[in-house]
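> I have a structure I would like to understand better, so I am pasting it below and will then ask my questions one at a time.
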Amino acid sequence: MELFNKSGVLISSLLVLVGALIACQAKEDAIPPSTVIEAAAMQLGTQGHRAAERRLQEWADLGSPVAQRELALRYVSIPSKRNEARQLFERAAGAGDAQAVINLAGLYQTSALPSSSSAIAGGRALKEVSNASYLPH
């Protein structure tokens with residue numbers, strides 16, 4: 001009888017451990033706070049750490065407006081990725097990131113994007129951010 005109790009405790013301990021490992025793995029997919037995302041973006045800097053960029057991309061795909069904005073800021077300086085930068089800014093702005101709206105308006109106004117109505121689109125983006133309630137990040 002004593003052997004059965006020890007086995008039961010051992011098995012239940014093992015099940016708790018497996019559950020904790022699964023919970024930790026699921027938490028890896030969660031979006032971290034904005035400060036963590038911005039710190040990862042700072043790691044990109046001029047060196048362009050691929051791991052940090054990949055992690056930002058994962059968070060942006062999970063829907064983090066801060067990661068979308070930071071990745072867009074990185075892509076603006078790369079001519080071949082400017083359109084992707086615009087899309088990321090638009091997604092972040094749509095999710096309520098005020099800085100993304102301001103950056104998007106600046107992108108439109110500096111005509112870094114090919115469009116005949118860039119100034120108008122930039123003005124609309126600035127008007128939107130002044131009229132809407134955006135979350136500070």
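> Within region 83-96, work out how many residues are within 11 Å of Arg69 (Cβ to Cβ) and either assigned to a helix (DSSP H, G or I) or at pLDDT 90 or above (or both).
7
> Looking at (1) in a helix (DSSP H, G or I); (2) surrounded by 10 or more Cβ atoms within 10 Å (Cβ to Cβ); (3) at pLDDT below 65, can you tell me which one Cys24 breaks?
Every condition holds for Cys24 apart from (2).
The values are calculated or read from the model by the stated rules, or taken from the named source; none is laboratory data. The shown structure was predicted, so the numbers you read here are calculated from the model rather than taken from an experiment. Cβ coordinates were reconstructed from backbone atoms using ideal geometry, including for glycine residues, and neighbour counts include every protein chain displayed.
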